[in-house]
Amino acid sequence: MAFLRCRMNRVLRTTFCIFMLLGAAACGRAELRTQASPAPDAESVTPLKIGLLLNFSEGATERAIERQRAFNLALKHVNAGGGVFGMPVAAAVGDTTRDPTVAVEAARRLIEDEGVHALVGPSSSANTLQVAERVAGPAGIPLISPSATSPLLTTAADNDFLFRTALSDSAQGPVLARITRERGFTNVGVIYVDDAWGQGLAAAFAAAWEGELAMVAFDPDRTSVPDALRQSASNDAQALVVITFEEAAETLVREALTLGLYDQFTFGDAAKSPALVRAIGGDRLGGMYGTAGGSDSKSASTIAWEEAYAAEYGALPEYAYVKETYDATIALALAAQAAGSVTGAAIRDHLRAIGSGPGVTLIAEAENIAAGLELLASCGEVNYEGAATTLDWDEHGDLRRGYIGVWRFTADETIEEVETVPFGAPAP
């Protein structure tokens, strides 16, 4: 398998280099950029700086660390390829916690004090909505969240500065409903966190569900866990669908087992955590299913990225939306290079072009990224095929296509990837 992957990458690299030479010959090495995107003057252009907004609070630290690693890997690949405008891309990091007010202040600090030109993050939909509408949109700063999946973000008042490298939960909800039904359940309770993410995924699940259903909104600071569980199980529910963050999921599952209300569960993406199954035990959660953003394991871009990540950090990530963090960072660097500018509107205006072509296909691999940056500096066009999925953005900054992954906890307290469900039309 390793031999086949290496051979595949060599073929891709060779093909890419041929297209690079043809592209350079076609537009002429002396002709730098088009009239719409003139070549930047190296002495006058400010180096690109990208901010990263993550939740590093207790219960989310390991998840944030893996996403920060992906962010750093993207910067390493970009800077190893000469950077943007021939200069290294700089970075700044902000801790949002899970509080939208804190997230807004962290975003303002990165923009006003650190001088970032674009943002990756935040992690949650609630934080992303507030940052997009109150900070990034008004300031004209491109914002790409790798994990904010609420359908509510589609209609955010963001001045077209919000993009996502994860699918909306309008795609995840039906898959979560299907795997719950396939477990043999026809009557379920749903407990969802009462915020933009929980409301969106719960609504998408309910729209696709065909059996009996009891929905309960949950606020960890105000809602009694036993009361929420009893309300959700009041109609003799067979299983509990858990749409909460990891800490609340652990509390709900423990109490449900203690009270004898449930012993069967399915989970939304925020509960995809090895820490959760270790805390509850593989004897209790082994065989329980969930959904999250996914990627095509046969994709050359996914294969190349996984090899690079494992080589850099010793193992593949355990949490969701790590590939998507890399993709968001690469997209911003490529768009800035294509624009010849660090101006927010200029970067924003080139994001859709570098994500959906036309142009030479790039994969999530250092040599390809380097060649792509060089091609963009020579008036060329690229089509970045992400580590997670193709970045084919619609007019709302939502992905037109991608993948939802189906996973399950195992008896030996790990997470097993079970299925990849494609969403949207195939590439033309």
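Here are the numbers for the structure shown:
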quantity	calculated
Hits in the range 234-260 (condition: more than 22 Å from ASP221 (Cα to Cα) and surrounded by 16 or more Cβ atoms within 10 Å (Cβ to Cβ))	ALA237, GLN238, ALA239
The range 142-155: number of residues that are surrounded by 24 or more Cβ atoms within 10 Å (Cβ to Cβ) and either of a type in the set (Val, Ile, Thr) or not in a helix (DSSP H, G or I) (or both)	9
Residues of the range 52-73 satisfying the condition of being in contact with a Lys or Arg (Cβ under 8 Å, 6 or more places away or on another chain) and of a type in the set (Gly, Ala, Ser)	SER57, ALA60, ALA70
Residue that is part of a loop (DSSP other than H, G, I, E, B), small (Gly, Ala, Ser) and crowded, with 24+ Cβ neighbours inside 10 Å, where the choices are ALA388, ALA411	ALA388
Among the candidates ALA364, ALA335, ALA331, residue that is in contact with a helix residue (DSSP H, G or I) (Cβ under 8 Å, 6 or more places away or on another chain), of a type in the set (A, V, I, L, M, F, W, C), at pLDDT 95 or above and under 24 Å from SER170 (Cα atoms)	ALA331
Residue pairs meeting the criteria (Cβ under 7 Å; at least 6 apart or on separate chains; first in contact (Cβ under 8 Å) with a residue 60 or more places away in the chain, in the range 103-114; second in a helix (DSSP H, G or I) and small (Gly, Ala, Ser))	ILE111/ALA139
Any hit, the range 163-170, residues being in a strand (DSSP E or B), under 19 Å from ASP392 (Cβ atoms) and touching a strand residue (DSSP E or B) at 6+ places or on another chain (Cβ under 6 Å)	yes
Any chance LEU375 is surrounded by 21 or more Cβ atoms within 10 Å (Cβ to Cβ) and within 27 Å of GLY115 (Cα to Cα)	no
Some residue of the range 347-356 being at pLDDT below 95 and either surrounded by fewer than 23 Cβ atoms within 10 Å (Cβ to Cβ) or out of contact with any Phe, Trp or Tyr (no Cβ under 9 Å at 6 or more places or on another chain) (or both)	yes
Tally of residues being of a type outside the set (A, V, I, L, M, F, W, C) and under 21 Å from the mean Cα position of the chain (by Cα) across the range 182-193	1
Sole residue being assigned to a helix (DSSP H, G or I), within 21 Å of the chain's Cα centre (by Cα), touching a residue at least 24 places away in the same chain (Cβ under 8 Å) and buried (at least 18 other Cβ atoms within 10 Å of the Cβ), chosen from ILE369, ILE404	ILE369
From the options GLU212, GLU182, residue that is of a type outside the set (Ser, Thr, Tyr) and either on the phi > 0 side of the Ramachandran plot or touching a residue at least 12 places away in the same chain (Cβ under 8 Å) (or both)	GLU212
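The values are calculated or read from the model by the stated rules, or taken from the named source; none is laboratory data. Quick caveat: nothing in here was measured; it's all calculated off a predicted structure. As a convention, Cβ positions derive from the backbone with ideal geometry for all residues, glycine included, and neighbour counts pool all protein chains shown.
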